[in-house]
Structures are given as C-alpha cells and as structure tokens.
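See structure below.
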Amino acid sequence: MLGLKLPTDPRWVNLAEKDLGEILSDHAYCEQKAATSCISLIQQYPDKAEMVRKVAPIVTEEWGHFRQVLLEMEKRKLELGRQRKDDYVNELLKFENKGGGREERFLEKLLICALIEARSCERFRLLSLHIAEDGLKEFYHKFMVSEAGHYRLFLNLAKFYFENEKVKLRWQEYLAYEKRVISSLSLRGDRIH
C-alpha cells in the first residue's frame with residue numbers, strides 16, 4: 001500500500017524496545033516537526049485553498065499526537081530530552097528539487113511530507129505488531145492508522161494540484177531515492193526514521 005521500496009529490517013523493533021525512552025522521545029519530536037511542517041506549508045502557500053482546508057486539521061492532530069507521546073512518557077517517568085537531528089529527513093531534503101518556480105517547490109514539499117508519513121506509518125506498524133508490551137502495540141496501531149491517512153492526503157493533494165503523470169513520475173523517483181537513503185543509514189533503535 002505504501003509503495004516503499006525497502007522495508008525496515010524487522011530487528012529495528014528489538015533495538016527500539018531496548019530503550020523506550022529514546023524511541024518515545026524521538027517519536028515526540030517527529031510529531032512536533034510534522035505539525036510544524038504543516039504550518040509551514042500553510043504559511044508558504046496560503047493561496048492553495050484546498051491544501052489549507054485539508055492540512056489545517058492535521059496541525060491539530062499532529063500536535064495532539066505530540067501530547068499523547070508526552071503523556072506516555074510521563075506515565076513511564078521518562079524525560080523528553082533534547083531534540084536530535086533527523087538524518088533520514090535531512091537526506092530526503094537533499095533530493096528536493098530546489099530549482100523551478102514556486103509551484104515546483106510546492107510539489108516537492110507535498111511529496112516529501114507524503115514519504116515521511118509513509119515511512120513513519122511503516123515503522124509504527126512494526127511496533128504495533130512486534131513490540132512486546134501490549135499497551136504499546138495498541139498505542140502504535142493508532143499512530144499507524146493516522147500516518148497512513150496523512151500519507152494518502154499529501155499524495156492526493158499533489159494529484160489535485162498537478163498532472164497525475166508528473167506526480168507519479170516524481171513519486172517513483174522519490175521512492176527510489178528513499179530506498180538508497182534507508183539502505184545507507186545504520187539501523188538505530190533510538191530513531192523513528
């Protein structure tokens with residue numbers, strides 16, 4: 001369904017559950033950054049009425065997710081800690097076509113958002129299926145469902161604003177690039193991506 005070209009190594013879940021504080025902290029920051037990315041899209045493209053209408057509720061949802069992860073951490077008496085750079089997202093941003101005009105950059109931003117949501121969905125699915133603690137399985141299942149919806153929303157917005165073939169072609173290029181990024185990054189249990 002997600003179209004990702006390289007699945008996450010299943011051992012990632014085992015690494016992630018070795019230190020739940022680290023993965024939960026990274027997850028919290030991922031949700032915060034997702035909300036910020038949606039706000040930025042709205043600020044940069046306020047003339048895209050359909051995008052604004054569809055993305056505005058995502059800001060609230062992602063911020064709510066941030067708060068949910070914080071509550072889970074509080075229950076476990078875990079500290080949020082400092083935000084760390086996201087090598088995965090930084091690598092994706094290197095592939096973003098910076099040339100072209102405002103419209104081209106809009107397409108790039110929609111596709112990057114879709115790809116990040118797709119990979120997050122895939123990782124949350126793994127956690128929902130394989131993490132040992134039943135409460136966390138349910139916790140991550142809810143996030144998986146949400147991220148799947150966000151992934152589809154960003155792709156659908158790209159298809160709403162741009163020619164379908166153009167979106168398909170660029171999306172396939174992003175998927176191929178993302179495969180190279182995933183294969184080049186070391187498997188880390190303290191990161192969602």
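Summary of computed values
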read-out	value
Matching residues in segment 83-102 - criterion: being charged (D, E, K, R) and loosely packed, with under 11 Cβ neighbours inside 10 Å	LYS85, LYS94, LYS98, ARG102
Selection count, segment 1-12, where residues are surrounded by 15 or more Cβ atoms within 10 Å (Cβ to Cβ) and not in a loop (DSSP other than H, G, I, E, B)	1
Residue in segment 13-34 that is in contact with a helix residue (DSSP H, G or I) (Cβ under 7 Å, 6 or more places away or on another chain) and either outside any helix (DSSP H, G or I) or farther than 25 Å from ILE182 by Cβ (or both) present	no
Filtered residue count, segment 40-82, keeping only those that are out of contact with any Gly (no Cβ under 6 Å at 6 or more places or on another chain), surrounded by 13 or more Cβ atoms within 10 Å (Cβ to Cβ) and part of a loop (DSSP other than H, G, I, E, B)	4
Among residues of segment 139-193, those that are crowded, with 18+ Cβ neighbours inside 10 Å, more than 30 Å from ASN14 (Cβ to Cβ) and of a type in the set (A, V, I, L, M), counted	5
Any chance GLU62 is farther than 19 Å from ALA176 by Cα, of a type in the set (D, E, K, R) and modelled with pLDDT of 95 or more	yes
The listed residue being over 22 Å from SER184 (Cβ atoms) and aliphatic (A, V, I, L, M), out of LEU111, LEU92, LEU71	LEU71
Residue match in segment 110-121 (condition: in contact with a Leu (Cβ under 7 Å, 6 or more places away or on another chain), surrounded by fewer than 19 Cβ atoms within 10 Å (Cβ to Cβ) and over 15 Å from TYR88 (Cβ atoms))	no
Residue match in segment 124-145 (condition: of a type in the set (D, E, K, R), under 16 Å from the mean Cα position of the chain (by Cα) and farther than 30 Å from GLY21 by Cα)	no
Segment 83-125: number of residues that are part of a helix (DSSP H, G or I), of a type outside the set (Asp, Glu) and within 30 Å of ASP47 (Cβ to Cβ)	22
Scope segment 53-107; condition farther than 22 Å from PHE154 by Cα and either in contact with a Cys (Cβ under 6 Å, 6 or more places away or on another chain) or not charged (D, E, K, R) (or both); matching residues	GLN68, VAL69, LEU70, LEU71, MET73, LEU78, LEU80, GLY81, GLN83
Test result for LYS98, under 19 Å from ALA35 (Cβ atoms) and basic (Lys, Arg)	no
Cβ-Cβ under 6 Å pairs, at least 6 apart or on other chains, segment 90-101 side among the aliphatic types (A, V, I, L, M), far side surrounded by fewer than 10 Cβ atoms within 10 Å (Cβ to Cβ)	none
Selection status of GLU61, on the phi < 0 side of the Ramachandran plot and under 15 Å from the mean Cα position of the chain (by Cα)	yes
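The values are calculated or read from the model by the stated rules, or taken from the named source; none is laboratory data. These numbers come from a predicted model, not from an experiment. In this analysis, Cβ positions are derived from the backbone assuming ideal geometry, glycine residues included, and neighbour counts consider all displayed protein chains.
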